[in-house]
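Participant: Structure incoming, see below.
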Ligand code: ARG
């Protein structure tokens, strides 16, 4: 199992392994190492008698996987799987989102919506490997993540039972902490962040606390990756991004793998106050919520990618693609990553990316991302067609005949239905709509 490591070992807690009627069934829990999933681990063991195996992925949140593994075992996991999944996440999830220029409601680059299908896949893989009967996640009943995790797990393994302990137990924060203390689960002693945070390579999501007032500006302590634009350097920084068939491959001429390039861009953009998002977001469960994000690399790459597409894709593709981008983004936001429709959209996007090779120059300046140049071997921009100066090869005479045919239907219609300001007003006044 590439890169994944096992610890603990099934049955390593002798006290838990015996119960009348033989071995207790196994459950695989998506485990972050935080309080919720730690309490969930214990609770699933206590309430349902499961032996719990945990799965923890690093998708770019700079997690101390060894510490999480140790904690899982300490809290009572019979086995703790941890895995650095950054490359997989970048290659199979982020890259597709980039091809779709995915920004939910025009703003949110799907940070959390992209990682959940990968977490679901890994949990299911481990569940099959250890022969588990059930899987579980620590999402609440109010958000989108429960949808993404649960529908992912169900799509990949319909035979497994899915548990959502946090949704089920309905404990208040205080009761949860009390439960944790009573069961020897480490409770963070440091002042806990007033926000609910989720982060990965593609960005950082910040929710709750002072952000729940949509009129209140996000407090500066909500941000960790980005400088306030007003404190960013007075000198802009220009970078060059190189794409090969839609894939970002180099930064300032230096070849990098996807994980390295995204990590570098988060750092550079963050320094220039780039990538802050403040929005009212419509969740699938029907509520509006105030969401704040930091996503310097995501926003920079999408902007650059769009600029290159504009240069190399024909007009017709550029008209249709955004429609499918919108659909793709909504589908993925709403937890349907494993639907065949997403695969079909991806096949379309993959075809469109073939000519998307070239360079884009981007200026980062006090929170702004400005494309200042683009070039591509398969550029459809032809200077000899576009120029107003000597060397113009555009066939001006051809325009005459073209205009005749282009305007024909409208011309014919208007010869029978003349446009006249007065008549138009009269029509409005006597229309049944305005009378009713
Ligand atoms: N609102 C975003 C989404 O639905 C971010 C969710 C962040 N998740 C979290 N557990 N804090 O994708």
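Participant: Looking for whichever is within 16 Å of the ligand (Cβ to nearest atom), touching a residue at least 40 places away in the same chain (Cβ under 8 Å) and touching a helix residue (DSSP H, G or I) at 6+ places or on another chain (Cβ under 6 Å) here; the options are 87, 80, 102. Which one fits? Break it down stepwise before answering.
Facilitator: Working: 87 fails: within 16 Å of the ligand (Cβ to nearest atom); 80 fails: within 16 Å of the ligand (Cβ to nearest atom).
102 is the lone residue from the list that is within 16 Å of the ligand (Cβ to nearest atom), touching a residue at least 40 places away in the same chain (Cβ under 8 Å) and touching a helix residue (DSSP H, G or I) at 6+ places or on another chain (Cβ under 6 Å).
Participant: Could you please find all residues in the range 238-272 being part of a loop (DSSP other than H, G, I, E, B), in contact with a strand residue (DSSP E or B) (Cβ under 7 Å, 6 or more places away or on another chain) and surrounded by 16 or more Cβ atoms within 10 Å (Cβ to Cβ)?
Facilitator: Here is the first cut: in the range 238-272, the ones part of a loop (DSSP other than H, G, I, E, B) are 245-246, 252-253, 256-257, 272.
Retained after the next criterion (residues that are in contact with a strand residue (DSSP E or B) (Cβ under 7 Å, 6 or more places away or on another chain)): 252-253, 256, 272.
Answer for the range 238-272, where residues must be part of a loop (DSSP other than H, G, I, E, B), in contact with a strand residue (DSSP E or B) (Cβ under 7 Å, 6 or more places away or on another chain) and surrounded by 16 or more Cβ atoms within 10 Å (Cβ to Cβ): 256, 272.
Participant: Moving on to the next point. Strands (runs of 3 or more DSSP E) wholly in the range 158-228 with at least 1 residues that are within 15 Å of the ligand (Cβ to nearest atom), closer than 24 Å to residue 29 by Cα and in contact (Cβ under 8 Å) with a residue 24 or more places away in the chain - which ones? Steps first, answer last, please.
Facilitator: Numbers: elements: 161-163, 196-200, 203-207.
Output list reads 196-200, 203-207.
Participant: Ok, one more. Is it the case that some residue within the range 300-321 is surrounded by 17 or more Cβ atoms within 10 Å (Cβ to Cβ), within 21 Å of residue 231 (Cβ to Cβ) and within 16 Å of the ligand (Cβ to nearest atom)?
Facilitator: no
Participant: Scan (1) within 16 Å of the ligand (Cβ to nearest atom); (2) buried (at least 22 other Cβ atoms within 10 Å of the Cβ); (3) closer than 23 Å to residue 79 by Cα for the single condition residue 146 breaks and write down its number.
Facilitator: In the conditions (1) within 16 Å of the ligand (Cβ to nearest atom); (2) buried (at least 22 other Cβ atoms within 10 Å of the Cβ); (3) closer than 23 Å to residue 79 by Cα, residue 146 misses (3) alone.
Participant: I've got another one for you. Here is a list: 285, 274, 292, 240. Which entry is touching a residue at least 12 places away in the same chain (Cβ under 8 Å), away from the ligand (no atom under 16 Å from the Cβ) and within 22 Å of the chain's Cα centre (by Cα)?
Facilitator: One residue alone meets the criteria, 274.
Participant: Of all residues being farther than 18 Å from residue 207 by Cα and surrounded by fewer than 19 Cβ atoms within 10 Å (Cβ to Cβ) in the range 130-143, which is farthest from the ligand (Cβ to nearest atom)? Just the residue, please.
Facilitator: The first filter runs over the range 130-143 and keeps only residues farther than 18 Å from residue 207 by Cα, leaving 130-137.
Checking the rest, the ones that are also surrounded by fewer than 19 Cβ atoms within 10 Å (Cβ to Cβ) come to 130-131, 133.
Numbers: 130: 26, 131: 29, 133: 26 Å.
Among those residues, the one meeting the criterion is 131.
Participant: Ok, one more. I'd like the full set of residues that are assigned to a helix (DSSP H, G or I) and modelled with pLDDT of 50 or more, limited to the range 4-46.
Facilitator: Narrowing the range 4-46 to residues assigned to a helix (DSSP H, G or I): 14-17, 35-46.
Answer for the range 4-46, where residues must be assigned to a helix (DSSP H, G or I) and modelled with pLDDT of 50 or more: 35, 36, 37, 38, 39, 40, 41, 42, 43, 44, 45, 46.
Participant: Here are some residues: 37, 56. Which one is under 30 Å from residue 277 (Cβ atoms) and free of Cβ contacts under 8 Å to residues at least 40 places away in the same chain? Spell out the reasoning first.
Facilitator: Working: 37 fails: free of Cβ contacts under 8 Å to residues at least 40 places away in the same chain.
Residue meeting the stated conditions: 56.
Participant: Only one of 262, 280 is within 16 Å of the ligand (Cβ to nearest atom), over 21 Å from residue 375 (Cα atoms) and touching a residue at least 24 places away in the same chain (Cβ under 8 Å); which?
Facilitator: Numbers: 262 fails: within 16 Å of the ligand (Cβ to nearest atom).
Criteria check complete, one pass: 280.
Participant: Also, quick follow-up: Return a yes/no flag: does the range 229-238 have any residue that is under 21 Å from residue 358 (Cα atoms), assigned by TED's automatic domain parsing to the domain that holds residue 203 and touching a helix residue (DSSP H, G or I) at 6+ places or on another chain (Cβ under 7 Å).
Facilitator: In the first step, residues of the range 229-238 are kept if they are under 21 Å from residue 358 (Cα atoms); the result is 237-238.
Then drop every residue that is not assigned by TED's automatic domain parsing to the domain that holds residue 203, which leaves 237-238.
The next check asks that each one be touching a helix residue (DSSP H, G or I) at 6+ places or on another chain (Cβ under 7 Å); those that pass are 237.
Within the range 229-238, one or more residues are under 21 Å from residue 358 (Cα atoms), assigned by TED's automatic domain parsing to the domain that holds residue 203 and touching a helix residue (DSSP H, G or I) at 6+ places or on another chain (Cβ under 7 Å).
Participant: Sticking with this one: Within the range 105-129, can you find the residues that are touching a helix residue (DSSP H, G or I) at 6+ places or on another chain (Cβ under 7 Å), more than 12 Å from the ligand (Cβ to nearest atom) and either within 22 Å of residue 42 (Cα to Cα) or free of Cβ contacts under 8 Å to residues at least 40 places away in the same chain (or both)?
Facilitator: Result: 120, 121, 123, 124.
Participant: Then there is this: For the range 61-70, does any single residue satisfy the condition of being within 16 Å of the ligand (Cβ to nearest atom), surrounded by fewer than 21 Cβ atoms within 10 Å (Cβ to Cβ), in a loop (DSSP other than H, G, I, E, B) and free of Cβ contacts under 8 Å to residues at least 60 places away in the same chain?
Facilitator: Quick first cut of the range 61-70, residues within 16 Å of the ligand (Cβ to nearest atom) only: 61, 63.
Checking which are surrounded by fewer than 21 Cβ atoms within 10 Å (Cβ to Cβ) leaves us with 61, 63.
Checking which are in a loop (DSSP other than H, G, I, E, B) leaves us with 61, 63.
If we keep only those that are free of Cβ contacts under 8 Å to residues at least 60 places away in the same chain as well, we get 63.
Checked against the condition, which is being within 16 Å of the ligand (Cβ to nearest atom), surrounded by fewer than 21 Cβ atoms within 10 Å (Cβ to Cβ), in a loop (DSSP other than H, G, I, E, B) and free of Cβ contacts under 8 Å to residues at least 60 places away in the same chain, the range 61-70 yields at least one hit.
The values are calculated or read from the model by the stated rules, or taken from the named source; none is laboratory data. Fair warning: this is a prediction, and the values are worked out from it, not measured in the lab. Here the Cβ is made from the backbone with ideal geometry for all residues, glycine too, and neighbour counts use every protein chain on show.
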